[in-house]
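Have a look at the structure below before the remarks.
The values are calculated or read from the model by the stated rules, or taken from the named source; none is laboratory data. If you're wondering where the values come from, they're calculated on a predicted model, not measured in any experiment. No Cβ is skipped: glycine too gets one built from the backbone with ideal geometry, and neighbour counts run over all protein chains shown.
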Amino acid sequence: MRELRLDRLTIEYPARDRAPAYRAVEGVSLTAAPGEFVSVVGPSGCGKTSLLHAVAGLVPAAAGTVSLGGRPIRGPGPERAVVFQHASLLPWRTVLGNVAYGLELRRVPRREARARAREMVELVGLGEAATRYPHELSGGMQQRVNLARALAPDPAVLLMDEPFAALDAQTRDAMQAELLRIWAASRTSVLFVTHHIEEAVFLSDRVVVLSPGPGATVRGRVPVPFERPRETALRRTPEFVALADHVWSTLARARDREPARVNQETP
Ligand SMILES: Nc1ncnc2c1ncn2[C@@H]1O[C@H](COP(=O)(O)OP(=O)(O)OP(=O)(O)O)[C@@H](O)[C@H]1O
């Protein structure tokens, strides 16, 4: 198991028409220990997705490093899987076929790929729907397939970008509980991006709060002490409400651009 480490990471996007490059995030340090669940929240457009893309190897670091188990990340790799908001499944493949697809591309023998896919489909609770096609699935079921597909290569890190944002509130709650069950079984590290504070607090071991961009930085690191397994009822406890409030106010202060109160160099 390997630690994910972002060390003073700066991300820039090239400019058009001789304008200066756009610096989305600046000097962000954070870690996710093996098996840890870390969420990143922040104002819209502050660079949450950019951070995730840097870990996925889709965006280069302008300065600083991203490493997994001490090895610098320089491009995409099978040990890091990404789950986006939209499942984008292959419509001509069944649930099982979609989950096996990535393994087949990696030349895992067909029989082995199918067996692993079957295991993942069972894990996400879709055993009964394994032979259905994407158009026969609800939004929540499609996201389960997406998750099974991401977990199939047994990644060390799961990168999740607003995976439940397109779901209705009830399905979203159910999927959060499901994600915790699945994560507990897989024990990958998770880096989870969301706008939804309660979701971040419910799911995470730690919530990292970013300031607005350009040059977004870390403005808060909030440990979440609630025991696991966590039940949906946790959200109604005064302790949960107080912690979510604390994250809200940290975010509000970050928006108002108060001076940073955390040491940027301590992940
Ligand atoms: N490929 C790109 N080229 C130029 N600018 C980009 C590119 N991708 C993102 N940006 C800019 O970088 C900033 C951060 O974008 P990013 O999508 O990472 O933020 P975010 O916090 O995930 O946003 P949201 O909360 O709206 O999903 C934004 O100002 C965005 O316009």
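Taking Pro267 as the residue in question, decide whether it is at pLDDT below 90 and either more than 29 Å from Ala81 (Cβ to Cβ) or within 16 Å of the ligand (Cβ to nearest atom) (or both). No.
Among the residues of the stretch 24-42, at least one is within 9 Å of the ligand (Cβ to nearest atom) and assigned to a loop (DSSP other than H, G, I, E, B).
The residues on offer are Ala242, Ala184, and the sole one that is aliphatic (A, V, I, L, M) and under 23 Å from Arg255 (Cβ atoms) is Ala242. Taking the conditions (1) away from the ligand (no atom under 16 Å from the Cβ); (2) out of contact with any Asp or Glu (no Cβ under 9 Å at 6 or more places or on another chain); (3) closer than 25 Å to Ala242 by Cβ; (4) in contact (Cβ under 8 Å) with a residue 60 or more places away in the chain in turn, Val190 satisfies each one other than (2). Out of all the residues in the stretch 70-80, is one or more in contact with a Ser or Thr (Cβ under 9 Å, 6 or more places away or on another chain) and surrounded by fewer than 21 Cβ atoms within 10 Å (Cβ to Cβ)? Yes; the residues of the stretch 70-80 include at least one that is in contact with a Ser or Thr (Cβ under 9 Å, 6 or more places away or on another chain) and surrounded by fewer than 21 Cβ atoms within 10 Å (Cβ to Cβ). Scanning for something of a type in the set (D, E, K, R) and assigned to a strand (DSSP E or B), does the stretch 52-73 turn up at least one residue? Yes, that holds for at least one residue. What's the number of the condition Leu52 fails, among (1) more than 9 Å from the ligand (Cβ to nearest atom); (2) touching an Asp or Glu at 6+ places or on another chain (Cβ under 7 Å); (3) not polar (S, T, N, Q)? The number of the failed condition is (1). Under the condition of being over 21 Å from Leu4 (Cβ atoms) and either within 16 Å of the ligand (Cβ to nearest atom) or in a loop (DSSP other than H, G, I, E, B) (or both), the residues counted in the stretch 193-228 number 11. Consider the stretch 183-192 and keep the residues that are more than 13 Å from the chain's Cα centre (by Cα) and part of a helix (DSSP H, G or I). The one that is surrounded by the fewest Cβ atoms within 10 Å (Cβ to Cβ) is Ala185.
This table checks each residue for (1) away from the ligand (no atom under 15 Å from the Cβ); (2) in the same structural domain as Gln143 (by TED's automatic domain parsing); (3) surrounded by 15 or more Cβ atoms within 10 Å (Cβ to Cβ).
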residue: Asp7; (1), (2), (3): yes, no, yes
residue: Glu12; (1), (2), (3): no, no, yes
residue: Ala56; (1), (2), (3): no, no, yes
residue: Pro60; (1), (2), (3): no, no, no
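Residues in the stretch 153-182 that are surrounded by fewer than 18 Cβ atoms within 10 Å (Cβ to Cβ) and within 16 Å of the ligand (Cβ to nearest atom) were compared, and the one that is nearest to His53 (Cα to Cα) is Ala165.
For the stretch 86-104, state whether one or more residues are polar (S, T, N, Q), within 16 Å of the ligand (Cβ to nearest atom), assigned to a loop (DSSP other than H, G, I, E, B) and surrounded by fewer than 22 Cβ atoms within 10 Å (Cβ to Cβ). The answer is no; no qualifying residue exists.
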